[in-house]
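The values are calculated or read from the model by the stated rules, or taken from the named source; none is laboratory data. Everything quoted here is computed from the prediction, not taken from an experiment. Here the Cβ positions follow ideal geometry from the backbone for every residue, glycine too, while neighbour counts run over all protein chains shown.
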Amino acid sequence: MRRPSLAVWKFASCDGCQLSLLDCEDELLAVADAVHIASFPEATRAVSPGPYDVSLVEGSITTPHDAARIQEVRRQSRVLVTIGACATAGGIQALRNFADVEAFTRAVYARPDYIQTLKTSTPIAAHVKVDYELRGCPVNKHQLLEVLTALLAGRRPAIPSHSVCVECKLSGNVCVTVARGEPCLGPVTQAGCGALCPRFHRGCYGCFGPSDAPNPPAMSAVWRAHGATLADLRRAWRSFNAAAPAFAAEVERLEDEHG
């Protein structure tokens, strides 16, 4: 019986989400038995030609070459899954979307005319049809395994869409905002990290992007009540998921409000 083929692709990213898959260790061996890993440069030099049953795509689109390459990946993939904040929301590199990229290249490179880059960092879904998105910076390895096993079984992945606050309550964490006045993005951030930062008495940084039906204006109001400035709020919303529509729209609203 033919095993489903799996390909893993990298675009502009730090490789952290691919490493999350490798970090599965024993579970990865079971995955390897169930699928044919046709292409995974982080793990093996062996490459089998497509088409592929499932493609996992890490990273955002930041160059003309990658904008063309993702089209070919889509053509070769029956199911395309984006993994991580870069692939689903442009990543930390989407901060370029709000700055002068040409000025950056002139400051960093001796020959900026050699650099071929786009003025924006955009998620994969801005370029091709995506069948499923898995959030996180990096992704949760258990959620990644759930996505793979669900696709192999022909069912929809069971990934929570509630906020980090639910994870805090399930873990018995004391709310850092209520108890300590610590600014926290937990109420508007999708679960998946196990409330890692609040567990260690720090506010959530929003690594997993917007939860279902977030309310960023209300979150900004809470932060302001605890002394946050416009600069503080801009930094909070423009981080790992700077290009996520809900977060980007809140920065625009705040800047319009302040003229």
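Could you please give the count of residues in the stretch 38-77 that are β-branched (V, I, T) and either part of a loop (DSSP other than H, G, I, E, B) or over 20 Å from V130 (Cα atoms) (or both)? Residues that pass the stated criteria total 4.
Against the numbered list (1) part of a helix (DSSP H, G or I); (2) surrounded by 21 or more Cβ atoms within 10 Å (Cβ to Cβ); (3) modelled with pLDDT under 95, V222 comes up short only at (2). The single condition among (1) assigned to a loop (DSSP other than H, G, I, E, B); (2) at pLDDT 95 or above that P214 does not satisfy is (2).
Scanning the stretch 237-259 for residues that are surrounded by 23 or more Cβ atoms within 10 Å (Cβ to Cβ) and in a helix (DSSP H, G or I) yields W237, F247, E250. Considering only the stretch 40-55, how many residues are free of Cβ contacts under 8 Å to residues at least 60 places away in the same chain, buried (at least 20 other Cβ atoms within 10 Å of the Cβ) and under 28 Å from C207 (Cα atoms)? Going through the stretch 40-55 one residue at a time, the tally reaches 2. In the stretch 95-115, the residues that are touching a residue at least 40 places away in the same chain (Cβ under 8 Å) reach residues that are basic (K, R) and assigned to a loop (DSSP other than H, G, I, E, B) with C-beta atoms within less than 8 angstrom, at least six apart or across chains, in these pairs: L95/R238; N97/K119; F98/R238. Test H127 against the stated conditions and say whether it is surrounded by 15 or more Cβ atoms within 10 Å (Cβ to Cβ) and either in the same structural domain as E58 (by TED's automatic domain parsing) or touching a His at 6+ places or on another chain (Cβ under 8 Å) (or both). Yes. Scan the stretch 82-115 for residues that are under 24 Å from the mean Cα position of the chain (by Cα), under 19 Å from S13 (Cβ atoms) and not in a helix (DSSP H, G or I) and the total you get is 5.
If the condition is being out of contact with any strand residue (DSSP E or B) (no Cβ under 8 Å at 6 or more places or on another chain) and modelled with pLDDT under 95, then the stretch 185-194 contributes only G194. Against the test of being touching a Pro at 6+ places or on another chain (Cβ under 9 Å), closer than 27 Å to Q93 by Cβ and either of a type outside the set (D, E, K, R) or touching a residue at least 24 places away in the same chain (Cβ under 8 Å) (or both), the options P157, P214, P198, P183 yield a single qualifying residue, P214. Given the structure, is T177 at pLDDT 95 or above and polar (S, T, N, Q)? Criteria not met by T177. Pairs meeting the criteria (first residue in the stretch 229-241 and over 11 Å from L254 (Cα atoms), second residue among the charged types (D, E, K, R) and surrounded by fewer than 16 Cβ atoms within 10 Å (Cβ to Cβ), beta carbons under 6 Å, at least 6 apart or on different chains) are lacking.
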